[in-house]
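Q: Supplied in structure tokens, the structure appears directly below.
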Amino acid sequence: MLSEAFDFPKAGDDWLPTILIGGVLSILSALVLPAFVLQGYLVRALRDGAAGERAAPSFTQWGELLVDGLKLFVVNIVYSIVVVIPMFIGLSVVGGLGVVAGESNAGALFTGLVGLVILLLFVVLGLLLAYVVPAAMANFAIEGRIGAAFAFGTIREGAFTSEYATAWVLSIVVSIVGGIVGGALSLILVGIFVLFYVQVMTYFLWGRGFAAGLAARSSPSI
């Protein structure tokens, strides 16, 4: 799967213009609109990866890319709220306990323990979302509907499989290694295009792993 991911961005006939366009859009992302177009392209990479395509898509039908990018933005906002609201509540609880405890040593210790538990819960929630959200994005890309990103039954079936888990771990490795290389080369701008290449690889892995997980679940056992 890793070799497929590496070949995916450069397997098409127009791979070089595609990488160049992706890099330029990355540079222009501060202007907001190019960022949505770029996200729409990554949705397409997710979809093609899930469909078993061997070559990354081209930058065509720009209006569709923009719409898909906006949809993906909505999906990410909703999942971000899942973290922000509990975090706000948790910080409010810890702050309230701190006021009630005052200068009491026992109260301060209790507040500290509660804060530690809440922090651990946030870490667990963050890791769970980091694992599940790419699967939700993949399901959205496959079906083309925002609601598919919240079809938790389907997402669970595809995400909690060895196929998706392997792809997810590989995506972490690719992101770390590619991020280091791309970051080092960013001083001469080449890194921007390397980072885009890495993004396409990552989204391919998510799509391919999720689709493979769903296929494995639906295959009859012998």
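Q: Just to be sure I understand the rule: take each whole DSSP H helix in the chain, project its Cα atoms onto its long axis, keep it if the span is 15 Å or more and its mean Kyte-Doolittle hydropathy is at least -0.5. Which ones pass? Display every interim value, and only then the final one.
A: Details: long enough: 15-27 (18 Å, 1.87); 33-50 (26 Å, 0.67); 62-101 (57 Å, 1.85); 105-143 (55 Å, 2.04); 162-185 (34 Å, 1.55); 190-218 (43 Å, 1.17).
Both cut-offs are met by 15-27, 33-50, 62-101, 105-143, 162-185, 190-218.
Q: Quick check: pseudo-label points 7 Å beyond the Cα along Cα→Cβ at V181 and F88, how many nm apart are they?
A: With each label placed 7 Å out from Cα toward Cβ, I get 4.2 nm.
Q: Still on this structure, please answer the following. Taking the highest mean first, how do the peptides 137-148, 183-194, 65-76 order by number of other beta carbon atoms within 10 angstrom per residue? It would help to have the intermediate numbers written out before the result.
A: On the way: 137-148: 19.9, 183-194: 14.3, 65-76: 18.2.
Peptide ranking by packing, descending: 137-148, 65-76, 183-194.
Q: While we're looking at this one, here's another question. Assuming R0 = 22 Å, what is the FRET efficiency of L31 and V67, from their Cβ-Cβ distance, to the nearest 0.05? If you can, show how the numbers build up before the last one.
A: Numbers: r = 18 Å, r/R0 = 0.81.
Between L31 and V67 the formula returns 0.80.
Q: Heavy-atom accessible area per residue, the range 1-52, 1.4 Å probe: how many Å²? Walk me through the numbers on the way to the answer.
A: On the way: 2410 Å² over 52 residues.
So the range 1-52 comes to 46 Å² accessible per residue, rounded to a whole number.
Q: For R156, what accessible area in Å² do you get when you roll a 1.4 Å probe over the heavy atoms of the protein chains, rounding to the nearest 10?
A: Surface open to solvent at R156 totals about 140 Å².
Q: Measure off 7 Å from each Cα along the Cα-to-Cβ vector at F6 and V169, then give the distance between these two points in nanometres to one decimal.
A: 1.8 nm
Q: Any idea of the accessible area per residue across the range 134-190, 1.4 Å probe, to the nearest Å²? Walk me through the numbers before you get to the answer.
A: Working: 2770 Å² over 57 residues.
Per residue, the range 134-190 has 49 Å² of solvent-accessible surface.
Q: For W15, what accessible area in Å² do you get when you roll a 1.4 Å probe over the heavy atoms of the protein chains, rounding to the nearest 10?
A: It works out to around 100 Å².
Q: Tell me, what % of the accessible area of the chain is carbon and sulfur with a 1.4 angstrom probe?
A: Solvent-exposed carbon and sulfur of the chain make up 75 percent of the total.
Q: Mind ranking E64, E163 by accessible surface for me, highest first, 1.4 Å probe? Numbers along the way, then the final one.
A: Details: E64 80, E163 60 Å².
Most to least solvent-accessible, the answer reads E64, E163.
Q: To the nearest 10 Å², what's S80's accessible area with a 1.4 Å probe?
A: Only protein atoms counted, so the area is about 60 Å².
Q: Find the eigenvalues of the gyration tensor of the Cα atoms of the chain, then list the square roots of 5 times those eigenvalues as equivalent ellipsoid semi-axes, largest first, in whole angstrom. Don't skip to the answer; put the middle values down first.
A: Working: eigenvalues 263, 100, 57 Å².
Calculated on Cα positions only, the semi-axes equal 36, 22, 17 Å.
Q: Can you compute the modelled spin-label distance between I188 and N76, with each label point 7 Å from Cα toward Cβ, in nm?
A: Simple spin-label model gives 2.9 nm for this pair.
Q: Quick check: with the 1.4 Å probe, what order do I19, I81 take by accessible area, largest first? Don't skip to the answer; put the middle values down first.
A: On the way: I19 15, I81 80 Å².
The ranking, largest first, comes out as I81, I19.
The values are calculated or read from the model by the stated rules, or taken from the named source; none is laboratory data. Please read all numbers here as calculations on a predicted model, not as lab measurements. When we count neighbours, we look across all protein chains shown, and the Cβ atoms used for this are built from the backbone with ideal geometry, even at glycine. We work out accessible area using only protein heavy atoms, side chains counted, and drop any ligands, DNA or RNA first. Shrake-Rupley method; radii C 1.70, N 1.55, O 1.52, S 1.80 Å.
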